[in-house]
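The values are calculated or read from the model by the stated rules, or taken from the named source; none is laboratory data. In this text, all values refer to a predicted model and were calculated from it rather than measured experimentally. Cβ coordinates were reconstructed from backbone atoms using ideal geometry, including for glycine residues, and neighbour counts include every protein chain displayed. These accessible areas exclude ligands, DNA and RNA; they are computed on the full protein's heavy atoms, side chains included. Shrake-Rupley method; radii C 1.70, N 1.55, O 1.52, S 1.80 Å.
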Amino acid sequence: MTANSLLGRSILNGGRSNKRSLVALTVGLVVGFCLAELFVYSSRLERADFEPYEGHRFGDVNDAHMQELFGPEHDVGTHGNVYENSTIAEKLYSEVKILCWIMTNPANHQKKARHVKRTWGKRCNKLIFMSSAKDDELDAVALPIGEGRNNLWGKTKEAYKYIYANHINEADWFLKADEDTYTIVENMRYMLYPYNPETPVYFGCKFKPYVKQGFMSGGAGYVLSKEAVKRFVTEAIPNPKLCKQNNTGAEDIEIGKCLENVKVLAGDSRDSSGRGRFFPFLPIDHLIPSLINKQLWYEQYIFHKTDEGLGCCSDNAISFHYVSPNQMYVLDYHIYHLWPYGIIKAPDPLPNKLAVGQLMPTPKVSLTEQSTDEASSKVSTDKKTP
């Protein structure tokens, strides 16, 4: 065999070896990428078991400019309407007294919290901002606890302890909301009107894992009756068998466990048609099915299944979450000032008052949803609570 033949065969074998190496490298990269994706996906699922919805955000990002800005420096003001009739709203203001406390921190006093005070917060009977530092503009309470996500549970306990010690007789109901929660307080009063504040109950957007009777989403806000606050502060918090003593953990899950342990009922906040009233995301996220369907965890966690599109939300909706400071003012305008000329909607009649421990009947829902609800909870909402 000539030298040239040997050289040619060597080159040929080298070319085949290089091709095999390239194929092996390509296959390795593809397999490695797939394994990495699988690991990340499984890690997300694992984290979801402990943080089911913290940090989640979805929806149309076309309004990103509104999400980033901190809101107007000066109050945009307001105006009345000579044809507006607020007689019933004023009646409910005096009869259903709501204390609203807002979870905030020093870094967000000017960026976010002040815009709550300028918009929906002024419609509460009493508004308190809970922080770790005082603020003259907000009249914020400096709670004896540090900031950060790991202290939210501790902050919630301290906030309700402060309220019970200083303001328990100034209201009938006590709402906890975040600084990016928007609340239509009049609709909350309408929902709460029939209930006796001595009934141990609380309302919000109900989720079903972790707590047998369900718990209320922290972002959507939850409102406790006076009796619920009393039991939480005097019975649950001091007892390590009833309430988690350290400050870590998801505050909405932990308070749900505590309240269940002292027989405070997780109420049903849906309207008479079975539509939700408390929402953990922006209106667009709940109204557009393609957006909310991307969040599989939400479908798994929501206690009462909801229809898609406009069927999701009550005409008397109460709260939305992830609302930027600018959007606070936009919602204020749409809800309280913008109305189509010539269309006047008469308010629904106020329901009858209920006795202590008595709850409103279960909303009318489809047979499929009704069977699901009955399987999810053995608590009958037309009986008196313990």
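Amide H contacts of Leu265 (H built 1.01 Å from N, in plane; Pro and chain starts excluded): Val201, Tyr202 sit under 5 Å, all sequence-distant by 5 or more or on other chains.
Rolling a 1.4 angstrom probe over the protein heavy atoms with all chains in place gives region 188-307 an accessible area of 34 Å² per residue.
How would region 161-240 be classified by its alpha-carbon gyration tensor: rounded, prolate or oblate, with rounded meaning a/c under 1.5 and the a/b versus b/c comparison settling the rest? Rounded shape, in that the Cα axes give a/c under 1.5.
Here the simple spin-label model places points 7 Å from the Cα toward Cβ, and for Arg149 and Gln300 these points are separated by 1.8 nm. When all protein chains stay in place and ligands, DNA and RNA are ignored, the 1.4 Å accessible-area order of Phe129, Phe320, largest first, is Phe320, Phe129.
Packing-based ranking of 135-144, 256-265 yields 256-265, 135-144, ordered from highest to lowest mean Cβ neighbour count within 10 Å.
Here r is the Cβ-Cβ distance between Lys134 and Lys111 and R0 is 22 Å; the resulting FRET efficiency, rounded to 0.05, is 0.80. Among the listed pairs Lys126/Lys305; Lys212/Lys353; Lys212/Lys241; Lys176/Lys364; Lys206/Lys244, give every one whose C-alpha distance is greater than 25 Å. Beyond 25 Å between Cα atoms: Lys126/Lys305; Lys212/Lys353; Lys176/Lys364.
In plain terms, the chain from Asp307 to Ser290 could stretch by 4.9 nm, reckoned as 0.36 nm per residue minus the Cα-Cα distance. For region 131-267, the square roots a ≥ b ≥ c of the C-alpha gyration tensor eigenvalues yield an a/c under 1.5, which makes the shape rounded.
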